[in-house]
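Here's the structure, in structure tokens; my notes come after.
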């Protein structure tokens, strides 16, 4: 099941600093971020191996997720740089409702491999 | 010497996607990002070991850098999510001129260790 974690954030008079260190159960091999996106639905896949962590660093978006056949669809609103959604390989997920200023960053446990993607939804 | 690299960015009708994969000469052990910052100058240190990559994912800022005693100060403007500044351990660097919306992300080769910081500037 996908689940939210809260990232350590230090706030002082100079501003905010959010840190990611020693909190994921994987090494970060790939990072990508999407921005300037339209209203298209993104994602719609799960993986064989890849574990991911998703953070909406700016703006907001919705991530929907189904972790297996017959399981309910989870919905998460990512709307702060300290909110991080952990996504497991079995999590069939999709993203929409991007705010115009949204920047969604994803940290992944594996290098890109098209063979690691499963595009067939659960029923 | 610090130097800029350009991150692979795929742009289509749905928006932009910038990828970081297999391009740094180090594994990413720590990520931090600063936002909502005031006009304070940040940084002002170099490292014994840590190598870093800095990206202004939103807005803009200036990074100044001196790589050794008597060497000229380099200036870099980071103003696009695909512009990445590679910072070596010997690079004494500081950041300022943050735009109000700036989000500066730093990817680091080492876990946080206060003993890895050198705060004395070159002359």
- Item | Residues located in the stretch A:89-112, provided they are in contact (Cβ under 8 Å) with a residue 40 or more places away in the chain and more than 20 Å from residue A:24 (Cα to Cα) | A:94, A:95, A:96, A:98, A:99, A:100, A:101, A:102, A:103
- Total residues in the stretch B:71-123, condition within 12 Å of chain A (Cβ to nearest Cβ) and part of a strand (DSSP E or B): 9
- Note on the structure: residue A:66 meets each of (1) surrounded by fewer than 16 Cβ atoms within 10 Å (Cβ to Cβ); (2) at negative phi with one exception, condition (1)
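Name the residue that is farthest from the chain's Cα centre (by Cα), counting only residues in the stretch B:6-15 that are surrounded by 15 or more Cβ atoms within 10 Å (Cβ to Cβ) and under 23 Å from residue B:76 (Cα atoms).
Initially, the stretch B:6-15 is screened for residues surrounded by 15 or more Cβ atoms within 10 Å (Cβ to Cβ), giving B:7, B:9, B:14-15.
Right, trim to under 23 Å from residue B:76 (Cα atoms) and you get B:7, B:9.
Details: B:7: 13, B:9: 18 Å.
The qualifying residue farthest from the chain's Cα centre (by Cα) is B:9.
Using the structure shown, decide if residue A:53 is more than 9 Å from chain B (Cβ to nearest Cβ) and on the phi < 0 side of the Ramachandran plot. I'd like the intermediate steps shown before the answer.
Working: more than 9 Å from chain B (Cβ to nearest Cβ): yes; on the phi < 0 side of the Ramachandran plot: yes.
Yes; evaluated as a whole, the condition is true for this residue.
Test residue B:58 against the stated conditions and say whether it is closer than 21 Å to residue A:16 by Cβ, within 10 Å of chain A (Cβ to nearest Cβ) and free of Cβ contacts under 8 Å to residues at least 60 places away in the same chain. Steps first, answer last, please.
Numbers: closer than 21 Å to residue A:16 by Cβ: yes; within 10 Å of chain A (Cβ to nearest Cβ): yes; free of Cβ contacts under 8 Å to residues at least 60 places away in the same chain: yes.
For residue B:58, the condition - closer than 21 Å to residue A:16 by Cβ, within 10 Å of chain A (Cβ to nearest Cβ) and free of Cβ contacts under 8 Å to residues at least 60 places away in the same chain - is met.
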- Message: Within the stretch A:22-44, does at least one residue satisfy the condition of being within 9 Å of chain B (Cβ to nearest Cβ) and on the phi > 0 side of the Ramachandran plot?
- Response: yes
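Rule-based calculations on the coordinates, nothing more; no lab input. A quick note: this is a predicted structure, and the numbers were derived from the prediction, not measured. Cβ atoms come from the backbone with ideal geometry, glycine included; neighbour counts cover every protein chain shown.
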